[in-house]
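Below is one structure, written out as structure tokens; the observations come after it.
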Amino acid sequence: MVKFGGYMLLLFFLFIGLIGCRNVEGIGMNWGTMASHKLPPKVVVQMLKDNNISKVKLFDADENTMKGLAGSDIEVMVAIPNGQLQDMTDYDTAKAWVKKNVTRYNFKGGVNVKYVAVGNEPFLKSYNGSFLNSTFPALQNIQNALNDAGLGDKVKATVPLNADVYESPVNAPFPSAGKFRSDIRSVMSDIVHFLSKNNAPFTVNIYPFLSLQQSPDFPIDYTFFDGGSKPVVDTNGIAYTNVFDANFDTLVSSLKDVGVGDIPIVVGEVGWPTDGDKNANFLLAQRFYNGLMKKLGSNQGTPLRPNQYIEVYLFGLLDEDTKSVAPGDFERHWGIFTYDGQPKYPMDLTGQGLNSSLVGAKDVKYLPLKWCVLNPNASNKTALTDNINYACTYADCTKLGFGSSCNGLDAQGNASYAFNIYYQTQSQKDESCSFQGMAMVTTNNASQGNCNFTIQIATSSSYRLHLWPSSPYHIGPPLLLFAFELVVSFLF
Ligand SMILES: *[C@@H]1O[C@H](CO)[C@@H](O)[C@H](O)[C@H]1NC(C)=O
Ligand SMILES: *[C@@H]1O[C@H](CO)[C@@H](O)[C@H](O)[C@H]1NC(C)=O
Ligand SMILES: *[C@@H]1O[C@H](CO)[C@@H](O)[C@H](O)[C@H]1NC(C)=O
Ligand SMILES: *[C@@H]1O[C@H](CO)[C@@H](O)[C@H](O)[C@H]1NC(C)=O
Ligand SMILES: *[C@@H]1O[C@H](CO)[C@@H](O)[C@H](O)[C@H]1NC(C)=O
Ligand SMILES: *[C@@H]1O[C@H](CO)[C@@H](O)[C@H](O)[C@H]1NC(C)=O
Ligand SMILES: *[C@@H]1O[C@H](CO)[C@@H](O)[C@H](O)[C@H]1NC(C)=O
Ligand SMILES: *[C@@H]1O[C@H](CO)[C@@H](O)[C@H](O)[C@H]1NC(C)=O
Ligand SMILES: *[C@@H]1O[C@H](CO)[C@@H](O)[C@H](O)[C@H]1NC(C)=O
Ligand SMILES: *[C@@H]1O[C@H](CO)[C@@H](O)[C@H](O)[C@H]1NC(C)=O
């Protein structure tokens, strides 16, 4: 009886443990800030809290973002951009970085930094090996600086890598045959052994969308999780029905190949864009996330690492209108929220597959409801093309391209779209709606069908200007920020 009771109790705790584990761990989110008009960090942090998002991954250690996160208890991955990797090969510089961007925030009410990302996909083939020599020394210096600062148990350095650092041979295209790319195998081996020694995870970005976007023959169902695709059967008999699992397990095999088969893996980025490509839309994004979240929520793991929680950061939080479009127009449309923090489609982050809505950003301040459009009297076609080109050089016209939500507009519609997006990007400055007299301002919503003519958000500078004019006695957020700064600088 006692034995039985003990067993039941054990089962009970195991069960509670499993459920508890998921609620505590939860999903992470990439928070990029390459936008002409950024939501105030406090607004974003409130939105994260409202959606129970307990982890974020940043691409730098920007002070305003960090101040927004202070006191929230959200786990944070801060980052060192590739351009600073060479500098970090000097130990004193790495130490100064850690002091300024990690240690400084390490107090009660500060920022809960958990990881430092050393570089961002530094071994992408398109970088031609530019960061090949600096990444490993930078990683060592940052982790050693964290260790020396007494933070090594709590904060781990890792390198978010793109999934093309490993591959399977052409004659054995299966996950079980995965190996690191031969040109970087030696440095990859050094990196993973160092990570393993420091109990730090391997971080990888996995993009089923890019598999589809880069090869026209890729079977579309294989990018999703609903089992609709013809399985790929590995030599060990395992059948793969989605490219995420296959890719993840190729990494598991590659890690085993260099002798660290058990190192934890964090998925640093995974997601689906909603515009700027023929496969980038709300329907497919919803289908992808619905399957992904259910998979993650059930802690089923992958065939080579079954029945386990996978730490995952979705890409990304918000659309970013100034990201490079070198890989494609879709780059500016990865957000699960629009640029202004509004949910795009139903999504259940808990993984129960409910048709629930995310909670949008609150207290967003917008510019006035004014659009800039083509003046119907304008007739000079030559000047029109030049003016559209001008607008689209300095503002984000990616929604006008083939396969995008505004692709169906006529020539006049194109011009109005371009003029408006430029006007909004210029924060509605009067002189930015001229275009040699071809444009005019209107207060009628200029949107056409599915093509949304946006109103930009008021940036913090214009917002502050309006709310706190000159009174030095008014205690508003600027003063509070100032107070925070004082606390921080006095403590450290
Ligand atoms: C967040 O978690 C709390 C407590 O578990 C729950 O009541 C709430 O519904 C959750 N909110 C969302 C948006 O999932
Ligand atoms: C801290 O991080 C910021 C933002 O990423 C960076 O510009 C700065 O150089 C870092 N500070 C030091 C001392 O390295
Ligand atoms: C890499 O090399 C290619 C071809 O030589 C060149 O076009 C490209 O600009 C290089 N990229 C970088 C980041 O150096
Ligand atoms: C990296 O080091 C190798 C060998 O020392 C050298 O040949 C190569 O030019 C270096 N690459 C860069 C990008 O500095
Ligand atoms: C999901 O909810 C939205 C409204 O929130 C509704 O329009 C839609 O029909 C629902 N979809 C399903 C499959 O129930
Ligand atoms: C277009 O031209 C007509 C005739 O000159 C004028 O009455 C009208 O106000 C003009 N419309 C705009 C929007 O400028
Ligand atoms: C049309 O615009 C072009 C370029 O601005 C200019 O060179 C040309 O003279 C204009 N034509 C007319 C008829 O106004
Ligand atoms: C509108 O602009 C898009 C993108 O530049 C272009 O593909 C399309 O042909 C244009 N439409 C017209 C009617 O000019
Ligand atoms: C303008 O209209 C579109 C639909 O036609 C709508 O989605 C959008 O929210 C409207 N914009 C504003 C600022 O009301
Ligand atoms: C459409 O525009 C409105 C107002 O500018 C904005 O709030 C909304 O997020 C936009 N919707 C989409 C799907 O871009």
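The values are calculated or read from the model by the stated rules, or taken from the named source; none is laboratory data. Every value quoted in this text rests on a predicted model; they were computed, and no experiment measured them. So basically every Cβ, Gly included, is an ideal-geometry build from the backbone, and we count neighbours across all protein chains shown.
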Handout entry: Residue tally, condition over 24 Å from Gln286 (Cβ atoms) and charged (D, E, K, R), over region 221-235
Key = 1
Problem - First in region 113-133 and near ligand 4 (Cβ under 8 Å from one of its atoms), second anywhere and of a type in the set (Gly, Ala, Ser) and part of a loop (DSSP other than H, G, I, E, B), Cβ under 8 Å, 6 or more apart - result: Phe131/Gly119
Practice task
Select the helices (runs of 4 or more DSSP H) contained entirely in region 28-115, then report the ones holding at least 1 residues which are among the hydroxyl-bearing types (Ser, Thr, Tyr) and either within 25 Å of Lys323 (Cβ to Cβ) or away from ligand 10 (no atom under 16 Å from the Cβ) (or both).
Solution key: 63-69, 91-101
Problem - Leu292 vs. criteria buried (at least 22 other Cβ atoms within 10 Å of the Cβ), out of contact with any strand residue (DSSP E or B) (no Cβ under 6 Å at 6 or more places or on another chain) and within 25 Å of Phe202 (Cβ to Cβ) - result: yes
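Taking the stated definitions as given, is Leu400 farther than 23 Å from Ser324 by Cβ, aliphatic (A, V, I, L, M) and within 16 Å of ligand 8 (Cβ to nearest atom)? Reasoning before the result, please.
Values: farther than 23 Å from Ser324 by Cβ: no; aliphatic (A, V, I, L, M): yes; within 16 Å of ligand 8 (Cβ to nearest atom): yes.
Answer is no for this residue.
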Handout entry: Any hit, region 440-459, residues being modelled with pLDDT of 95 or more, in a helix (DSSP H, G or I) and either buried (at least 19 other Cβ atoms within 10 Å of the Cβ) or not assigned by TED's automatic domain parsing to the domain that holds Ser379 (or both)
Key = no
